[in-house]
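The values are calculated or read from the model by the stated rules, or taken from the named source; none is laboratory data. The shown structure was predicted, so the numbers you read here are calculated from the model rather than taken from an experiment. Note that we place each Cβ from the backbone using ideal geometry, even for glycine, and neighbour counts take in every protein chain shown. Heads up: the accessible areas ignore ligands, DNA and RNA and are worked out on the full protein's heavy atoms, side chains in. Shrake-Rupley method; radii C 1.70, N 1.55, O 1.52, S 1.80 Å.
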Amino acid sequence: MAYDPDNIFAKILRGEIPCKKVYEDDHVLAFDDVNPQAPVHVLVIPKGAYVSMADFTEHATDAEIAGLIRAVGRVAEELGLVEGGWRLLANHGRDAHQEVMHLHLHI
Ligand code: AMP
């Protein structure tokens, strides 16, 4: 599937739609999910234009991949989740009901 630059997370990355930012660095943006399913529900997204994990793992640079994974750990740490525990989840494609076609990891 081709990347649609008008998806909602692309708009958030361009600053066209607001978000409640939790963390940002050169490779990722993390922000509160607008419809939280848990007391803490944050989405971590790469800044690059990747539809899914398959797209990301095939086409992203090693630095982008390391940046995303390191950011997940850092966000969990900064949110104080490490001691109590937390879950990392990603929905990919139609059968998993992926709604936004820009790779995102749910914390
Ligand atoms: P999914 O694609 O099924 O993994 O889920 C997409 C997630 O994005 C859902 O949990 C939505 O609540 C969330 N979401 C959709 N639009 C926004 C937005 N503008 N800001 C923050 N989260 C959003």
Query raised in the report: Of the conditions (1) closer than 28 Å to Asp95 by Cβ; (2) touching a Phe, Trp or Tyr at 6+ places or on another chain (Cβ under 6 Å), Lys21 fails just one. Which one is it?
Result: (1)
Query - Residue, farthest from the ligand (Cβ to nearest atom), within segment 62-99, restricted to residues that are of a type in the set (D, E, K, R) and not in a loop (DSSP other than H, G, I, E, B) - result: Asp62
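Assess whether His102 counts as being in contact (Cβ under 8 Å) with a residue 40 or more places away in the chain, assigned to a loop (DSSP other than H, G, I, E, B) and in contact with a strand residue (DSSP E or B) (Cβ under 7 Å, 6 or more places away or on another chain). If you could, list the steps in order and put the result at the bottom.
Numbers: in contact (Cβ under 8 Å) with a residue 40 or more places away in the chain: yes; assigned to a loop (DSSP other than H, G, I, E, B): yes; in contact with a strand residue (DSSP E or B) (Cβ under 7 Å, 6 or more places away or on another chain): yes.
The answer is yes for His102.
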Report task. List every residue pair whose Cβ atoms sit under 9 Å apart, with the two residues 6 or more apart in sequence or on different chains, where the first one lies in segment 65-81 and is in contact (Cβ under 8 Å) with a residue 12 or more places away in the chain and the second, anywhere, is open to solvent by less than 40 Å² (accessible area, probe 1.4 Å) and in a helix (DSSP H, G or I). Result -> Leu68/Phe56; Leu81/Val75
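So which residues in segment 1-25 are assigned to a strand (DSSP E or B) and more than 13 Å from the ligand (Cβ to nearest atom)? Write out each step before concluding.
First, pick out the residues of segment 1-25 that are assigned to a strand (DSSP E or B): 21-24.
Scanning segment 1-25 gives Tyr23, Glu24.
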